[in-house]
Amino acid sequence: MWSNRLLNDCGFVRSTIDALTVDGAISTVNGGNTDVGVAAGGFEGTTHPSFVFTIRDSGFDPVSASDVDVLDNALGYVLNQEGTAHFSPDNFKPYAFTLDYAVVTFPGALDGVDAKAFFEHLGTIDAALFSGQFAGFTQIAFQGSPLNNSMLFLKPAASKNRFIAGLFAAANTTVGRRLLPAQEAWGTDDRPGRYRVFPGNDWIAFSRGEEYLSRLGTPSAQLLADLAALRQAHLDAVGDLVQAIQSAKLSQYLGHQFRCPTGE
């Protein structure tokens with residue numbers, strides 16, 4: 001609920017795109033080639049709501065690769081993220097380095113709670129695929145599906161055979177889930193499914209987000225000020241959420257008491 005309010009009511013993503021576009025830092029991102037929604041994302045045993053983008057980067061009116069990079073780093077900065085990820089599940093191009101993946105698809109709608117439950121169920125079958133190093137998933141709309149009803153799993157620090165066996169076991173013991181056939185779900189050695197890059201920022205060493213900002217090209221002073229204000233507004237929103245949790249007033253805060261922070 002909180003993430004949806006930040007996305008839809010407060011417009012953090014829209015405001016970031018607008019600031020980048022006005023400054024000329026990006027020029028190909030628009031409502032026809034870019035969609036964003038709140039979906040589940042899990043990593044090493046924990047599931048969080050995530051802002052998941054579906055971006056058309058080929059064919060008619062594509063987003064350029066440079067704009068994808070700038071947008072991703074700007075959002076990582078504004079949303080105070082340790083790291084972000086790019087992946088292209090339907091286009092087996094060579095990227096920065098190889099990571100195999102597999103996809104579990106549900107027959108109907110999938111919400112974040114169900115995705116979290118399946119991730120935890122996978123952990124009861126093999127903990128390495130749930131809480132082990134690099135274990136994780138992102139909820140996506142796979143192969144043009146109108147629903148975000150698939151879970152794309154990273155191959156963790158475990159063998160491919162162990163990865164496949166665990167996911168098959170989890171899918172086969174959960175009603176309605178299916179693991180896509182191997183030739184569809186992951187590539188062979190010469191056509192691997194690959195994560196493109198993991199932009200991030202070490203906030204301890206670079207407390208002002210310098211690593212993210214260094215990848216924005218040559219941003220103007222106005223753009224830096226606009227992004228800094230959005231980042232502060234997000235920090236204020238996090239503070240409001242934590243305070244509501246600690247004071248046992250979460251329902252009220254997410255309801256009639258919710259206000260979008262301004263960052264001022």
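The values are calculated or read from the model by the stated rules, or taken from the named source; none is laboratory data. Model, not experiment: these values are computed from the prediction. Cβ: placed from backbone, ideal geometry, glycine included. Neighbour counts: every protein chain shown. Just so you know, the surface numbers come from the protein's heavy atoms only, side chains and all, with ligands and any DNA or RNA stripped out. Shrake-Rupley method; radii C 1.70, N 1.55, O 1.52, S 1.80 Å.
Some points to look at:
- Degrees, to the nearest 10: 12-23 long Cα axis against longest axis of the chain: 60 degrees
- Note, ³J(HN,Hα) from phi for region 50-55, Karplus 6.51, -1.76, 1.60, rounded to Hz, x at Gly and Pro: 9, 8, 10, 9, 10, 10
- Among PHE134, PHE206, PHE153, residue whose mean-square fluctuation peaks in a GNM of the chain (springs only between Cα atoms under 10 Å): PHE206
- Values of log10 I(q)/I(0), in the order q = 0.11, 0.17, 0.18, 0.20 Å⁻¹, for region 1-126 under a Debye, Cα-only, solvent-free model: -0.46, -1.08, -1.19, -1.39
- ASN80/ALA157 FRET efficiency (R0 22 Å; Cβ-Cβ; nearest 0.05): 0.25
- Protein accessible area in region 1-122, 1.4 Å probe - carbon and sulfur %: 53 percent
- Among VAL52, VAL113, VAL78: highest mean-square fluctuation, GNM of the chain, C-alpha pairs under 10 Å: VAL113
- For SER88, the amide hydrogen comes within under 5 Å of the amide hydrogens of ARG194, ARG196, counting only partners 5 or more places away or on other chains and with H modelled in the peptide plane.
- For GLU120, the accessible surface of its heavy atoms amounts to roughly 80 Å² (probe 1.4 Å, protein chains only, rounded to the nearest 10).
- Secondary-structure-derived ellipticity at 222 nm for the chain, considering helices only, amounts to -10500 deg cm²/dmol, per-run term -39500 (n - 2.57) for DSSP H runs with n ≥ 4.
- Each Cα pair of the chain feeds into the Kirkwood radius, which the Stokes-Einstein equation turns, at 25 °C and 0.890 mPa s, into a diffusion coefficient of 125 µm²/s.
- Max mean-square fluctuation residue, GNM over the chain, Cα-Cα springs under 10 Å, options TYR101, TYR253, TYR212: TYR253
- Set of aspartates and glutamates with alpha-carbon distance to LYS155 below 12 Å, sequence-local pairs under 8 removed: GLU44, ASP100
- Relative to the current alpha-carbon distance between SER145 and ASN8, full extension at 0.36 nm per residue lengthens the span by 47.1 nm.
- Extreme residue, positive dipole direction of the chain, given options LEU7, ALA65, ALA170 (C-beta unit charges): ALA170
- Computed over the chain, relative contact order equals 25 percent, with contacts defined as Cα pairs under 8 Å that lie 6+ residues apart.
- Between PHE198 and SER247, the FRET efficiency from the beta-carbon distance, with R0 = 22 Å, is close to 0.05.
- Distance from the Cα centroid of region 117-170 to that of region 22-92 is 21 Å (rounded to whole angstrom).
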